[in-house]
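Read-outs throughout are calculated quantities, based only on the coordinates presented, and are distinct from any laboratory measurement. All figures in this text were calculated on a predicted structure; none of them were measured in a lab. Here the Cβ positions follow ideal geometry from the backbone for every residue, glycine too, while neighbour counts run over all protein chains shown.
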């Protein structure tokens, strides 16, 4: 996971007084993206309509603008409510290639206090098999602490 041992504490400190989801997403995306050299693209896709994700705050090159729940790794995370860790995006059925440099990916559902899915956090890497279950656990805890109070 990110090599910065103070990452979670810093994110919680930066976001403590904020209650706007987009502002929180922007801060979290920035802090995560700059915390680890494996992270090539880091951002949120927001639930904007039933079964539809639209790009939110991110760091990195251009992302896909709209992703239906029925497509790609982000759609799978939104549809199933489960973390998706993909070691080789070329082997993922229906992968949406937003950037040719992406080799592996982790996508995590983001829920508010009521348990509603509000977004997914998508982190892409230009390295194969860049993400682990430990990464998922740490990122899930950060997301729960930040967005679980909304």
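Pick from 23, 76, 130: which residue has the top mean-square fluctuation in a GNM of the chain where Cα pairs under 10 Å get a spring? Of 23, 76, 130, the most mobile in the Gaussian network model is 23.
Placing a label point 7 Å from the Cα of residue 37 along the Cα-to-Cβ direction, the residues of region 129-147 whose backbone N falls under 20 Å from that point are 129-132, 135. For the pair residue 90 and residue 52, a Förster radius of 22 Å applied to the C-beta separation gives a FRET efficiency near 0.30, rounded to the nearest 0.05.
Build a GNM of the chain with springs between Cα atoms under 10 Å apart, and of 94, 72, 63 the one that fluctuates most is 94. Its DSSP H runs of at least 4 residues, each contributing -39,500 (n - 2.57), put the calculated 222 nm mean residue ellipticity of the chain at -9500 deg cm²/dmol, to the nearest 500. Specify the residue with the greatest mean-square fluctuation among 74, 64, 30, computed from a Gaussian network of the chain linking alpha-carbon atoms under 10 Å apart. Evaluated over the chain, the most mobile residue of the options is 64. How much FRET efficiency would the formula 1/(1 + (r/R0)^6) give for residue 13 and residue 82, where r is the Cβ-Cβ distance and R0 is 22 Å, rounded to 0.05? Rounded to the nearest 0.05, the efficiency is 0.15.
Counting 0.36 nm for each residue step from residue 20 to residue 138 and taking away their Cα separation leaves a gain of 40.2 nm.
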